[in-house]
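**Q** Below you will find the structure I want to go over with you.
The values are calculated or read from the model by the stated rules, or taken from the named source; none is laboratory data. Everything numeric here is computed off the predicted structure, so don't read it as measured data. Keep in mind that these areas ignore ligands, DNA and RNA; they rest on the heavy atoms of the full protein, side chains included. Shrake-Rupley method; radii C 1.70, N 1.55, O 1.52, S 1.80 Å.
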Amino acid sequence: MKEAKKQFYNEGFATTFYKKPISYLDKKIKNKKVVKFLSLLIKIIYTLLVIILAGYILYKKLPI
């Protein structure tokens, strides 16, 4: 399960929408609590974005 989570957040769209903003925040913000909160917020937004995109693709492709 850890490997699947690692793959989900390190490949594909995650490099643009998750990894780059997190690395930018790590460089610019020195407060670790703020970085941890913002990274959690970005992770939640990214996960919701992927779920919505997958649902949309399934809705358009499958005859429902």
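**Q** Ordering S39, S23 from largest to smallest accessible area (1.4 angstrom probe), what's the sequence?
**A** S23, S39
**Q** Another question about this same structure. Once both axes come from the Cα atoms, what is the angle between helix 32-61 and the longest principal axis of the chain, in degrees from 0 to 90, rounded to 10?
**A** Here the helix axis deviates by roughly 10 degrees.
**Q** Hey, any idea what % of the stretch 2-60's accessible area is carbon plus sulfur with a 1.4 Å probe?
**A** Reported share for carbon and sulfur atoms: 69 percent.
**Q** Please tell me which of these pairs span more than 29 angstrom C-alpha to C-alpha: K2/K33; K36/K61; K36/K60; K5/K30; K5/K61?
**A** Cα-Cα > 29 Å for K36/K61; K36/K60; rest within.
**Q** Accessible area per residue of the chain at 1.4 Å probe, in Å²?
**A** Roughly 90 Å² per residue, with all protein chains present.
**Q** Determine the calculated [θ] at 222 nm for the chain from helices alone, applying -39500 (n - 2.57) to every DSSP H run no shorter than 4 residues and normalising by the residue count; nearest 500 deg cm²/dmol.
**A** -23500 deg cm²/dmol
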